[in-house]
Amino acid sequence: MLSPAKKALAAGNLAGFPDGMGVLVDLTRCVGCRSCEAACNREQGLPAPDQPFDDYSVFEQSFHGGTQKRRPTEKAYTVVNRYESEASDKPIYRKIQCNHCNEPACLTSCFVGAYTKTPEGAVTYNSKVCVGCRNCMVACPFHVPAYSYSDPIDPVIKKCIFCYDSRVKHGMPPACVEICPSQALIFGKRDELLKIARQRMTKDPAKYVDHIYGEHEVGGTSWLYLSGVPFEEVGFDTSLQQEPIISNVKDFLGTVPMVLAIWPALFTGFHLLATKGKGDHHDHGQAEEEGEDS
Amino acid sequence: MFVASSWPAKGVLLLLFLLLPLSGYATDAPEGIVIDVLSNHYEPVVFDHELHVGVAEDCSTCHHHTTGTGTADSYCARCHSNEAEQELVSCQDCHLADPFSAAAINVKSGQDLFHVDVSGLKGAYHQNCIGCHKEMDGPTGCQDCHARTEEGDRFFYSGQFAPPPAEDSGH
Ligand code: SF4
Ligand code: SF4
């Protein structure tokens, strides 16, 4: 059976589901209380954290020689990070989790079809089907899926599922949205959230940079962001393409069955291409470096 | 027939006079309000309304355009600048305690553009309160206003539920 996103794709519809839900994150409202992290832990039955959720020293943590802040892990599907920006006299906090892409690269990269994009917008996965190949980890433009090492026999991918099974499927907001004291997170139809986001910018243009992150990035995401400082200063990758990542591989996927038939000829072609393309890849490494912290 | 000289009637009249101003704005405002929307994780807050009446410039600082005292927010003032006192003035009359239920989201979709972004009750409290508290040196920490319950401590893995300290964070 085709997953919904693949069906939508087959029908030539790249705009996602019309009634899809989403979350609008307004960075100007987030107070960095980490309640959303605690709510996620409880809702998803995750293991005890290393530090209490009201311990704000976690904001000091950095990895890989100070280039990377905290990232979602198999034990924490969402984390809040703190950033400093010259454009703001206060620190800025930002919650990170799966953005629930309209055209998820994780889904298209998964060859066993473990992922599903539900009509409500959630990108979920079936851990019984997952073989732990980690294709999706590499494919995700936001570096979201984490790999569970705790069970060496049956390793699986773990990530935020938009509280699909326990909440969103039943018309309830995700646990993080419900707990957020300042309503930095609001839940609603993606279309409506875009309207609200635009309205906030119109109402108070000095307060926001003129961009809704997630409206078009990689073909649009269910989670959308407003910020008072340039997005790249608070850990967003602003170099991402506007088209879904599927567009890059769609033509390729179509040729897969053919590959087996013309295998030898194709390899010769690949070899030629590879030699010809050398020296053409200079911006690749930089994109990856910037992506680290997105 | 009305007999002005009779004492009981005078008493009633006097009472009426005393009561009249009380039906005006502000004076029928409650002294304190118990806010317990987060009672699962935090003790209820006793909001000292009387104190805030003294501190706020006028009622519209918090009540926008519903108390007949003008409109502080220029955005609201475009339509609601000269409104009389309204019947519904408490926060939860307009700010839903459950703003993301399926029903609330459906109502919102049909809402005019000016009211699609009305905060839920908790959001309204925190957005409105914290900004002012910062300016006026009021309490701003979570537990400065509402102490956490035991269930709250469990939820945050804090206090008696704190995880044992790890040797080394950051890997
Ligand atoms: S953010 Fe990554 S894991 Fe989430 S839907 Fe998009 S590609 Fe998949
Ligand atoms: S609960 Fe809301 S305010 Fe608190 S850290 Fe999360 S997003 Fe920010």
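The values are calculated or read from the model by the stated rules, or taken from the named source; none is laboratory data. The structure presented is a predicted model; accordingly, all values stated were derived computationally and were not measured. Heads up, the Cβs are rebuilt from the backbone with ideal geometry, glycines too, and the neighbour counts pull from every protein chain shown. These accessible areas exclude ligands, DNA and RNA; they are computed on the full protein's heavy atoms, side chains included. Shrake-Rupley method; radii C 1.70, N 1.55, O 1.52, S 1.80 Å.
For the range B:55-156, state which GluC sites (Glu not before Pro) are in a DSSP loop and have at most 12 other beta carbons lying within 10 Å of their beta carbon.
B:E57, B:E87
Spin-label model, B:T149 to A:T238: label points 7 Å out along the Cα-to-beta-carbon direction sit 4.4 nm apart. Net length available on complete extension from A:T73 to A:E86 is 1.7 nm, with 0.36 nm assigned per residue and the Cα-Cα distance removed.
Here B:F161 and A:E60 are evaluated by their C-beta separation; at R0 = 25 Å the FRET efficiency comes out at 0.65. The label point for B:D48 and the one for B:A102, both projected 7 Å from the Cα toward the Cβ, are 4.5 nm apart. Averaging the Cα positions of each part gives two centres, and for the range B:47-104 and the range A:83-118 these lie 36 Å apart. Computed with a 1.4 angstrom probe on protein heavy atoms, the A-B interface buries about 3000 square angstrom of accessible area in total. For the pair B:C132 and B:F114, the difference between a 0.36 nm per residue extended length and the Cα-Cα distance amounts to 4.1 nm. What FRET efficiency, computed as 1/(1 + (r/R0)^6) with R0 = 22 Å and r the Cβ-Cβ distance, is obtained for B:D58 and A:A206, rounded to the nearest 0.05? FRET efficiency, B:D58 to A:A206: 0.30.
Taking square-rooted eigenvalues a ≥ b ≥ c of the alpha carbon gyration tensor, is the range A:75-194 rounded, prolate or oblate, where a/c under 1.5 means rounded and, failing that, a/b exceeding b/c means prolate? Before the final figure, lay out each step's value.
On the way: a/c = 1.92, a/b = 1.43, b/c = 1.34.
Prolate is the answer for the range A:75-194, as a/c is 1.5 or above and a/b outweighs b/c.
Summary of packing: across the peptides A:231-241, A:184-194, the per-residue average of other C-beta atoms within 10 Å ranks them, highest first, as A:184-194, A:231-241.
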